[in-house]
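So the structure is just underneath, and the comments pick up after that.
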Amino acid sequence: MDFPTPPPDLARLFNKHGDLVSMPVKKDLRLQFLTWIASTLPKGRDLTETEINAGLRPIDGDVATLRRYLVEAGLVERPSPGTYRVPAVAD
């Protein structure tokens with residue numbers, strides 16, 4: 001999967017090679033970042049852990065942390081262990 005292009009206001013979170021420099025600490029910026037990530041994932045269907053990892057890996061290799069933050073923010077649902085769903089309204 002290709003690296004999704006972040007919006008200009010989030011571009012500063014990545015280095016010139018497209019690697020995430022660090023997870024935003026400020027709550028508002030972190031929510032904006034996570035909302036953007038959720039917008040890059042397939043919506044309205046169940047995803048296996050492998051599928052969601054494949055969508056997150058181009059953004060950062062620490063897919064477990066990204067999954068956890070997305071679920072905690074309510075941007076991704078986890079209806080059962082190993083299953084994830086991005087609600088259609090996450091855009």
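Bear in mind these aren't lab numbers, they're just calculated from the coordinates by the rules spelled out. Predicted model only: the values in this text are computed from it and were never measured.
Within the chain, the selection of entire DSSP H helices by a Cα span of 15 Å or greater along the long axis and an average Kyte-Doolittle value of at least 0.0 returns 27-39.
Here the Kirkwood formula, the inverse mean of 1/r across different C-alpha pairs, assigns the chain a hydrodynamic radius of 13.2 Å.
Fully extending the segment from Leu29 to Thr5 would add 7.0 nm, taking 0.36 nm per residue of separation and subtracting the current Cα-Cα distance.
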